[in-house]
Amino acid sequence: MIKVALGCDDAGLEYKDKIKEYLCSRGMEVYDLGLATHERTADYPDYAIPAARMVADGRCDYGVLICGTGIGMSICANKVKGIRCGLCTNEFSAEATRQHNDANMLALGARVITLSQALAIVKVFFDTPFSGAERHIRRINKIKDLEEHNFK
């Protein structure tokens, strides 16, 4: 069973609940680390980092993060060793980040895309396998080497 860490701040609450419902309907086990109520003092790092750590340490296979733009969440997640979080605003970028980057986290912006777009992006992200192409493996290994150097 695929395990997914799901996080959001106040801007992403509505999308998080719908994405959780969708992922559960697909038989995935969802760990909801996001905000439960509209607390205007919610800081996106407080939700992005725990979700990213669950993916990085293997407790979850993937993660989905939602804030207003997706930018803050993706920046936070990508500070965690082993995370490759793609900020996606369309289905093509979701497909490419899985095929080319073997992304293990997806960031979305609730103020940038509609809920139906977000759900379509999530579907493509989870339906798209990593290509395994040598050039993509080489590039991912370069990222891993950088992490080894920077995360001591």
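Odds and ends about this structure:
Here's the yes/no breakdown for (1) assigned to a helix (DSSP H, G or I); (2) farther than 21 Å from Leu119 by Cβ; (3) modelled with pLDDT of 95 or more:
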site: Gly7; (1), (2), (3): no, no, yes
site: Tyr31; (1), (2), (3): no, no, yes
site: Ala36; (1), (2), (3): no, no, no
site: Ala42; (1), (2), (3): no, yes, no
site: Ala48; (1), (2), (3): yes, no, yes
site: Met54; (1), (2), (3): yes, yes, yes
site: Cys60; (1), (2), (3): no, no, yes
site: Val64; (1), (2), (3): no, no, yes
site: Ile75; (1), (2), (3): yes, yes, yes
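- Flag for Ala96 being free of Cβ contacts under 8 Å to residues at least 24 places away in the same chain, part of a helix (DSSP H, G or I) and out of contact with any His (no Cβ under 7 Å at 6 or more places or on another chain): yes
- From Ala48, Ala42, residue being farther than 23 Å from Arg139 by Cβ, surrounded by 16 or more Cβ atoms within 10 Å (Cβ to Cβ) and over 14 Å from the mean Cα position of the chain (by Cα): Ala42
- Selection count, the range 98-127, where residues are among the small types (Gly, Ala, Ser), surrounded by fewer than 23 Cβ atoms within 10 Å (Cβ to Cβ) and touching a Phe, Trp or Tyr at 6+ places or on another chain (Cβ under 6 Å): 1
- Residue in the range 14-24 that is in contact (Cβ under 8 Å) with a residue 60 or more places away in the chain, in contact with a Cys (Cβ under 6 Å, 6 or more places away or on another chain) and under 16 Å from Ala118 (Cα atoms) present: no
- Test for Glu147: is it assigned to a helix (DSSP H, G or I), touching a residue at least 24 places away in the same chain (Cβ under 8 Å) and closer than 19 Å to Val4 by Cβ: no
- Residues being touching a helix residue (DSSP H, G or I) at 6+ places or on another chain (Cβ under 7 Å) and either surrounded by fewer than 11 Cβ atoms within 10 Å (Cβ to Cβ) or of a type in the set (A, V, I, L, M, F, W, C) (or both) - total across the range 130-152: 1
- Subset of the range 63-78 that is more than 19 Å from Glu14 (Cβ to Cβ) and more than 9 Å from the chain's Cα centre (by Cα) - its residue that is surrounded by the most Cβ atoms within 10 Å (Cβ to Cβ): Cys76
- Of all residues in the range 25-73, those being in contact with a helix residue (DSSP H, G or I) (Cβ under 9 Å, 6 or more places away or on another chain), closer than 11 Å to Val4 by Cα and not small (Gly, Ala, Ser) number 13.
- Scanning the range 79-95 for residues that are surrounded by 20 or more Cβ atoms within 10 Å (Cβ to Cβ) and under 11 Å from the mean Cα position of the chain (by Cα) yields Ile83, Cys85, Gly86, Leu87, Cys88, Ala94.
The values are calculated or read from the model by the stated rules, or taken from the named source; none is laboratory data. Values in this document were obtained by computation on a predicted structure and should not be read as measured data. Methodologically, a virtual Cβ is constructed for each residue, glycine included, from the backbone with ideal geometry; neighbour enumeration extends over all protein chains shown.
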